[in-house]
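One structure is given below, represented as structure tokens, and several questions about it will come after.
Values in this text are rule-based calculations from the coordinates and carry no lab data. Given the structure is predicted, the values throughout are model-derived calculations rather than measurements. Note: ideal-geometry Cβ built from the backbone for every residue, glycine included; neighbour counts use all protein chains shown.
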Amino acid sequence: MIDTQTHQRILVTGGAGFIGSHLVLRLVRDFPQWTIHNLDALTYAADLSHLAPISQAPNYRFHHLDITDVPALTELWETHQFDAVIHLAAESHVDRSIQGPEVFLTTNVQGTLNLLTLALKHWKDQPENRFHHISTDEVYGSLGPEGYFSEQSPYAPNSPYAASKASADHWVRAYAHTYGLNAVITNCSNNYGPHQHPEKLIPLSVERMWRMESVPMYGDGQQVRDWLHVTDHVSGILEVFLKAAPGAQYVIGGKNEWKNQELLREIARVVDQLLGRTPGTSAALITPVQDRLGHDRRYAINPQKIEQELGWMVQKDLRSGLEETVAWCLERAQSAQNTPKP
């Protein structure tokens, strides 16, 4: 278990991204006795404005750095001597992985190996120091109409993104088993909530509905996803980071299964409600398009292990969490429209 009473230097990679920014905000707020180091390459999916509330906090440090830059990463580690790593930095957009898989190999696999190598080098006599790797349920492939992913599910990645994350998982597991590194892995279902990049399904659909533009729906829209609010995910990450045994792996799911078609209709309903539109206005914009290559049919997680062993429970269902998320997406879209271009 991580000592929450003494000073710890925690490295969070990808802390300016969607999930990472929520995690960093929570760590800085809840653990003032720790110093939180946020490392981010600030690529397209990052946004430091989400961290403005804690940018001047005395226990927060930001480092603009890429995990594939070994000399810079080594210098950073030797300077700050981190006590723990929570690793979220990754290329995560499936469509982008289909168009250009090479960067997913470089960042998600080689970048993870770079961090593991430094952790092993610096923590040989410090078995209490923890490496927490954040991954996805997409490493398990696609489910049929029944059943759920669990910690015992076989790996069967179907997209280049999923393959890169599966490989990273295996490297973390190998370092834990072979070298005794105190590493844990969590695999989550689809996240949603404020701060999400506008290319993702929910924010993309909200912005297009706001603009009265066509909203793409892949194939027949019957693909099923298990939706997890980002704040619930962050709570699960912290439970595992603080309490899990070395070498443990947990799946974290929202128990909110929705077909894509049904989700888009629910988004449309909320958009119409918040904008005062005639019901059905936004739903009429939903347009089937050619399905994504290799599109997995269904993901769903059974989070029984983390519930029973660590006491974590989902707090938000999709309907309540979606209203907050749609409101945030609409505010971002309106703000962007009103911001003067340079």
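Rounded to the nearest 5, what % of the DSSP beta bridges within the range 169-323 are antiparallel ones? Walk me through the numbers on the way to the answer.
Working: 3 of 15 bridges.
Restricted to the range 169-323, the bridges split so that about 20 percent are antiparallel.
Using the Cα centre of the range 17-151 as the reference point, and only Cβ charges (+1 on K/R, -1 on D/E), how large is the resulting charge dipole? Debye, rounded to the nearest 20.
Values: 7 positive and 17 negative charges, 77 e Å.
In debye, rounded to 20, the range 17-151 gives about 360.
Kindly express, to the nearest 10 degrees and within the range 0 to 90, the angle between helix 70-80's C-alpha long axis and the longest C-alpha principal axis of the chain.
Rounded to the nearest ten degrees, it is 70.
Sort the range 22-111 into rounded, prolate or oblate with this rule: let a ≥ b ≥ c be the square roots of the eigenvalues of the Cα gyration tensor; rounded if a/c is under 1.5, and if a/c is not under 1.5, prolate when a/b is larger than b/c, oblate otherwise.
The shape class here is oblate.
Let me ask something else about it. Would you give the gap between the C-alpha center of the range 83-160 and the C-alpha center of the range 230-269, rounded to a whole Å?
Cα centroid of the range 83-160 versus Cα centroid of the range 230-269: 16 Å apart.
Another question about this same structure. First check a/c for the range 199-321, with a ≥ b ≥ c the square roots of the eigenvalues of its C-alpha gyration tensor; if it is under 1.5, answer rounded, and if not, answer prolate when a/b is larger than b/c or oblate otherwise. Provide the component values of the computation, followed by the final result.
Values: a/c = 2.99, a/b = 1.93, b/c = 1.55.
Here the range 199-321 falls in the prolate category.
Restricting attention to the range 66-132, which trypsin sites (Lys or Arg not before Pro) occupy a DSSP loop and are surrounded by at most 13 other Cβ atoms within 10 Å?
Counting only loop positions with at most 13 other Cβ atoms within 10 Å, the trypsin sites (Lys or Arg not before Pro) in the range 66-132 are Lys124.
Report the antiparallel proportion of the DSSP beta bridges in the chain as a percent, rounded to a multiple of 5.
If we restrict to bridges inside the chain, about 10 percent are antiparallel.
Let me ask something else. What angle do you read, to the nearest 10 degrees and between 0 and 90, between the alpha-carbon axis of helix 201-210 and the longest principal axis of the chain?
40 degrees
If you don't mind, there's one more thing I want to ask. Only one of the values (1) 23.9; (2) 21.5; (3) 20.7 was calculated from this structure for Kirkwood radius over Cα pairs in Å; name its label.
(3)
Something else about it: Highest GNM mean-square fluctuation, the chain, Cα pairs closer than 10 Å: which of Phe149, Phe18, Phe31?
Between Phe149, Phe18, Phe31, it is Phe31 that shows the largest mean-square fluctuation.
Multiplying the sequence separation of Thr278 and Gln99 by 0.36 nm and subtracting their Cα-Cα distance, what value in nm do you get?
Details: separation 179, 0.36 × 179 = 64.44 nm, distance 3.82 nm.
Gain on extension, Thr278 to Gln99, equals 60.6 nm.
Return the long-range amide H neighbours of Tyr218 (sequence gap of 5 or more, or a different chain), with a cut-off of under 5 Å between placed amide H atoms.
HN-HN under 5 Å from Tyr218: Val289.
Leaving out same-chain residues fewer than 8 places away, which aspartates and glutamates sit with a Cα under 14 Å from that of Lys200?
Cross-link targets: Glu91, Asp95.
Which loop-located GluC sites (Glu not before Pro) does the range 204-255 contain, where loop means any DSSP state but H, G, I, E or B and the Cβ has at most 13 other Cβ atoms within 10 Å?
Sparse-neighbourhood loop GluC sites (Glu not before Pro): Glu213.
So, in the range 202-342, how many Lys pairs have Cα atoms under 28 Å apart, if the pair is 8 or more places apart or on different chains?
8
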